[in-house]
Amino acid sequence: MTNLSKRQEICLRCAQCCKKLVIPLVQPHLTTEEYDFYQTRGGHIIVLPNGLNCLVIDCPCPYLQQDNKCAIYDQRPQKCREHDGRNDPFLKDSCQWTYELKEGE
């Protein structure tokens, strides 16, 4: 990986934020039927420390290439530009920036 910052190299090795779809659910508690509905469609429910239920689906971004690079990097959505896995309540424990970047990098 040439001409990439340390942060970019780490992202290309991981790309977890581009491989899963995490959808916050509005209702605070799910019924058994709702839970089963999501599970039968390939999703699973996680509960964040703040009590928010989120539906997680293994669903890679259609623009994520096999080398973990983004096919539309220069035109990617603003949310993708701003995303920092260290601050994502779902990914913060698996984001490689947390473990590999030192303060200020």
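The values are calculated or read from the model by the stated rules, or taken from the named source; none is laboratory data. Quick caveat: nothing in here was measured; it's all calculated off a predicted structure. All Cβ positions, glycine included, derive from the backbone under ideal geometry; neighbour counts span all protein chains shown.
Among residues of region 11-34 that are modelled with pLDDT of 85 or more and of a type in the set (Lys, Arg), those with a Cβ under 6 angstrom from a residue that is surrounded by fewer than 14 Cβ atoms within 10 Å (Cβ to Cβ) and in a loop (DSSP other than H, G, I, E, B), sequence gap 6+ or separate chain, pair up as LYS19/PRO60. The residues in region 74-86 that are part of a helix (DSSP H, G or I) and either over 14 Å from the mean Cα position of the chain (by Cα) or farther than 17 Å from GLN8 by Cβ (or both) can be counted, and the count is 4. For region 87-99, a residue qualifies if it is assigned to a helix (DSSP H, G or I) and surrounded by 13 or more Cβ atoms within 10 Å (Cβ to Cβ), and the qualifying residues are GLN96, TRP97, THR98.
Within region 40-73, being touching a Cys at 6+ places or on another chain (Cβ under 7 Å) and in a loop (DSSP other than H, G, I, E, B) holds for LEU48, PRO60, CYS61, TYR63.
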